[in-house]
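**Student:** This structure is in structure tokens; I'll ask about it shortly.
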Amino acid sequence: MRHAILAIVFAASCGHPAVHPERSPEGAESRGLLAQARAASGGDAWDRIAVLDYTGTIETGGMHGTMHSTDDVTTGRSRNETHLGVLDQASGFDGGASWDLSPGGEAQRFDGPDAVARAKTAAWVTARGYLRTGGATYRELGDINEGGRHLRGLEATPAGGTPIELWFDDDGLLARTRAKVRVFTVTDEYSDYRDVSGVKVPFRISSDDGDERNRVTIAVTEMHAREAQPDATYAMPPTDDRIAFPDGADHVELPFALIENHIYVDATVDGKPVKMLFDTGGQNLLVPKSAARLGLKSEGANAAGGAGDERIDVGYAKGKSVALAGVTLRDPVFAVIDLRSLPDVEGVDLDGLVGYELFHRLVVRVDYPKRRITLWSPKAFTPPEGAIAVPFEMSDTIPIVKGSIDGIPGRFWIDTGSRASLTTMSVFTKAHDLEGKYKPAFEAVTGWGVGGPAKGKPVRFHTITIGDATVKEVVGDLFTGTKSAMADPDSAANLGGGILKRFAVTFDYGHQTMYLEPGPDAAKPDVYDHAGLFVLRADGGRALKVGAVTPTGPAEHAGVREGDVITTIDNDAITSKSVSEWRQYFRDRAPGTKVVLGIVRDGKPAKPFAIT
């Protein structure tokens, strides 16, 4: 599951490195437009500006707050701080890497190739590279007219960076930028230009990713040109020390339940018991009903997405503590999201999830075979002897490792919040013609997450490598859609619990290393459910609802339809097994085995359906 906490976008004040190789704009029109832009915004006065320091107000999702930014327009270094309701966060670039300080107090550097490329482009904008000689190549986009405004556009690609569209008004001032950021297109609008020490700068900036709920509006109230600032201004702050172990211990153990390859733990929020999903990349999250039960008030209304296509509302709430086995994190910030069908998909009533905040601050060992989690103080941790060490990069809150799929190299998200074994991303699927290579017979619902059902085309991968570890005969799926997190071009695949459960897995975020210890079932081949239907809990667990039917599969051939309610399976009551156990029941049946379903359709009992 992808993170839900808001990421504020500062197009003109992102802190990232500026680069100035000697490459000129292509075309006389491009050169003329950029020359006009330089003259309109101050010309040579920009060469006398070292730092722009400004404060203002910020609004998004019904929340109002303040912001402060310091931009070094000669190097691209910067620091941005926002205080927005319960969300206090910062981001910047220190001259070597971009960093983020999350609302939970976790400081993280970003070193993945996509993050580095986006950083170079953002830095180029911060340093007003389009007003200087060299630094990018250009492509002319022509003219557009909208809302009574005429704009002329260029696409710029800074050296080593990602493309960004620049749109200038008739005066030559930058009015808009548009850039692809992961799976979204982010548009920034600039207006209310004013003079500051001889240069013209926008005092109003708005940004959105195509969803009005995520529109961010900044109104600058004060801006000054400053002399060059010390390096410490742009340095990443340390992660705070708000976590504590019980009674001076340096590690604790706790049991977990593995359901549908998801890890479930018992925890407390503000001293009250909760059942949480444990997710490497997911940030603290509560469902609205649980937030209300805990007495936590949610504020804001942004949009969040995940494995499904739909984007849903997300608010934010701050608690006093979240604790697992006595390890306590003070003042946690929770995203508040309605997970909708997920409890019925899992057959588990969950309150939310915990993950990144703990993974970031601790060393976490998940012993899948023994169903035990160990939380270590980083100072007390010693790498497990004989384990396979796999280095990883960080992409937002998600660790990414290098591996391969049947000899094709790629980078994999490591996601304990995914029930699947391995799902290839759509860009990677297309780039390597994996549909042609594996020839999937159908598309099916392969899971459920934030944003609804996740669909993929099931296939069998013969050899998966994760660093120096190898896993054989994996049932995975190819994602070919254009929406959801699985369309992210930054990764080849999402590697989930279906593979991870073969190991005891240790995550050392501080050293960006994952350790794998093969379990007794590490070499056991995956099996696939051939029934051709995806079932959910219904009627309080007394029945199963058919959430999806695989085209041309056995269930469809037998006449089963989406929305049917299953009341018995092979004459056994649904209450005799959990949802997960019934899915395993289907997986355990050999191809050709008859399974008889008792079904209620449209509120009326139907004749039994036999799927084979």
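The values are calculated or read from the model by the stated rules, or taken from the named source; none is laboratory data. None of the values given here were measured: they were computed from a predicted structure. No Cβ is skipped: glycine too gets one built from the backbone with ideal geometry, and neighbour counts run over all protein chains shown. What goes into the accessible areas is simple: the full protein's heavy atoms, side chains included, and nothing from ligands, DNA or RNA. Shrake-Rupley method; radii C 1.70, N 1.55, O 1.52, S 1.80 Å.
Yes/no matrix, rows are residues, columns are (1) in contact with a strand residue (DSSP E or B) (Cβ under 7 Å, 6 or more places away or on another chain); (2) crowded, with 24+ Cβ neighbours inside 10 Å; (3) free of Cβ contacts under 8 Å to residues at least 60 places away in the same chain; (4) in a helix (DSSP H, G or I):
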| residue | (1), (2), (3), (4) |
| --- | --- |
| D53 | yes, no, no, no |
| H68 | yes, no, yes, no |
| R79 | yes, yes, no, no |
| H83 | yes, no, yes, no |
| S91 | yes, yes, no, no |
| G95 | no, no, no, no |
| V116 | no, no, yes, yes |
| T121 | yes, yes, no, yes |
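**Student:** Just to be sure I understand the filter: pairs with C-beta atoms under 8 Å, separated by 6 or more residues or on different chains, first member in the stretch 166-178 and more than 14 Å from S30 (Cβ to Cβ) and in contact (Cβ under 8 Å) with a residue 24 or more places away in the chain, second member part of a loop (DSSP other than H, G, I, E, B) and among the charged types (D, E, K, R). Which pairs pass?
**Tutor:** A175/D169
**Student:** Report yes if S426 is among the small types (G, A, S) and at pLDDT below 95, otherwise no.
**Tutor:** yes
**Student:** Quick one: which strands (runs of 3 or more DSSP E) lie wholly within the stretch 199-284 and hold at least 2 residues that are surrounded by 19 or more Cβ atoms within 10 Å (Cβ to Cβ)?
**Tutor:** Details: elements: 199-208, 216-226, 251-255, 257-259, 262-269, 272-278.
Of the strands (runs of 3 or more DSSP E) lying wholly inside the stretch 199-284, those with at least 2 residues that are surrounded by 19 or more Cβ atoms within 10 Å (Cβ to Cβ) span 199-208, 216-226, 262-269, 272-278.
**Student:** Quick one: count up the residues across the stretch 314-352 that are among the aliphatic types (A, V, I, L, M) and either modelled with pLDDT of 95 or more or within 12 Å of K297 (Cα to Cα) (or both).
**Tutor:** Summing the residues that are among the aliphatic types (A, V, I, L, M) and either modelled with pLDDT of 95 or more or within 12 Å of K297 (Cα to Cα) (or both) in the stretch 314-352 gives 10.
**Student:** Looking only at strands (runs of 3 or more DSSP E) that lie completely in the stretch 291-369, which have at least 3 residues being touching a Phe, Trp or Tyr at 6+ places or on another chain (Cβ under 8 Å) and of a type outside the set (F, W, Y)?
**Tutor:** 333-337, 352-354, 363-367
**Student:** Let me ask something else about it. When residues of the stretch 553-600 are filtered for being more than 22 Å from W448 (Cβ to Cβ) and under 34 Å from the mean Cα position of the chain (by Cα), how many remain?
**Tutor:** 0
**Student:** Taking the criterion of being in contact with a His (Cβ under 9 Å, 6 or more places away or on another chain), part of a strand (DSSP E or B) and either buried (at least 19 other Cβ atoms within 10 Å of the Cβ) or touching a residue at least 40 places away in the same chain (Cβ under 8 Å) (or both), would at least one residue in the stretch 479-501 satisfy it?
**Tutor:** Checking the stretch 479-501: not a single residue is in contact with a His (Cβ under 9 Å, 6 or more places away or on another chain), part of a strand (DSSP E or B) and either buried (at least 19 other Cβ atoms within 10 Å of the Cβ) or touching a residue at least 40 places away in the same chain (Cβ under 8 Å) (or both).
Yes/no matrix, rows are residues, columns are (1) closer than 20 Å to G56 by Cα; (2) under 31 Å from the mean Cα position of the chain (by Cα):
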| residue | (1), (2) |
| --- | --- |
| A123 | no, yes |
| R132 | no, no |
| H150 | no, no |
| A156 | no, yes |
| D171 | no, no |
| A175 | yes, yes |
| A179 | no, yes |
| V183 | no, yes |
| Y190 | yes, yes |
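**Student:** Can you name the residue in the stretch 399-411 that is open to solvent by less than 10 Å² (accessible area, probe 1.4 Å) and among the β-branched types (V, I, T) and is also farthest from H262 (Cα to Cα) among such residues?
**Tutor:** Looking at residues that are open to solvent by less than 10 Å² (accessible area, probe 1.4 Å) and among the β-branched types (V, I, T), I get I405.
**Student:** Another question, if that's okay. With respect to P378, determine if the residue is farther than 23 Å from W448 by Cα, at pLDDT 95 or above, surrounded by 23 or more Cβ atoms within 10 Å (Cβ to Cβ) and over 16 Å from the mean Cα position of the chain (by Cα).
**Tutor:** no
**Student:** Look through the stretch 29-49, keep the residues that are in a helix (DSSP H, G or I) and among the polar types (S, T, N, Q), and return whichever of them is nearest to G142 (Cα to Cα).
**Tutor:** Result: S30.
**Student:** Additional query: Suppose the filter is out of contact with any Leu (no Cβ under 9 Å at 6 or more places or on another chain) and charged (D, E, K, R); does D53 pass it?
**Tutor:** On the way: out of contact with any Leu (no Cβ under 9 Å at 6 or more places or on another chain): yes; charged (D, E, K, R): yes.
Yes.
**Student:** Before we move on, is T177 assigned to a strand (DSSP E or B) and modelled with pLDDT of 95 or more? Break it down into steps so the answer makes sense when it comes.
**Tutor:** Details: assigned to a strand (DSSP E or B): yes; modelled with pLDDT of 95 or more: yes.
Taking the combined requirement at face value, the residue satisfies it.
**Student:** Looking at (1) within 30 Å of V401 (Cα to Cα); (2) touching a residue at least 60 places away in the same chain (Cβ under 8 Å); (3) not polar (S, T, N, Q), which one does A531 not meet, given that it meets all the others?
**Tutor:** All conditions are met except number (1).
**Student:** Moving to a separate point now. Filter the stretch 412-430 for residues that are open to solvent by 40 Å² or more (accessible area, probe 1.4 Å) and within 16 Å of D490 (Cβ to Cβ); which is farthest from the chain's Cα centre (by Cα)?
**Tutor:** Among residues in the stretch 412-430 that are open to solvent by 40 Å² or more (accessible area, probe 1.4 Å) and within 16 Å of D490 (Cβ to Cβ), the one farthest from the chain's Cα centre (by Cα) is K430.
**Student:** Would you point out the residue of the stretch 513-524, among those that are surrounded by 17 or more Cβ atoms within 10 Å (Cβ to Cβ) and outside any strand (DSSP E or B), that is modelled with the highest pLDDT?
**Tutor:** Residue satisfying both the conditions and the ranking: G519.
**Student:** What tally of residues in the stretch 525-575 results from selecting those that are at pLDDT 90 or above and in contact with a His (Cβ under 8 Å, 6 or more places away or on another chain)?
**Tutor:** Result for the stretch 525-575: 1.
**Student:** Here is a further query. Which one of D433, D396 is out of contact with any Leu (no Cβ under 8 Å at 6 or more places or on another chain), among the acidic types (D, E) and either free of Cβ contacts under 8 Å to residues at least 24 places away in the same chain or open to solvent by less than 30 Å² (accessible area, probe 1.4 Å) (or both)?
**Tutor:** D433
**Student:** Sticking with this one: Keeping to the stretch 123-154, report how many residues are surrounded by 16 or more Cβ atoms within 10 Å (Cβ to Cβ) and either on the phi > 0 side of the Ramachandran plot or polar (S, T, N, Q) (or both).
**Tutor:** Counting residues in the stretch 123-154 that are surrounded by 16 or more Cβ atoms within 10 Å (Cβ to Cβ) and either on the phi > 0 side of the Ramachandran plot or polar (S, T, N, Q) (or both) gives 4.
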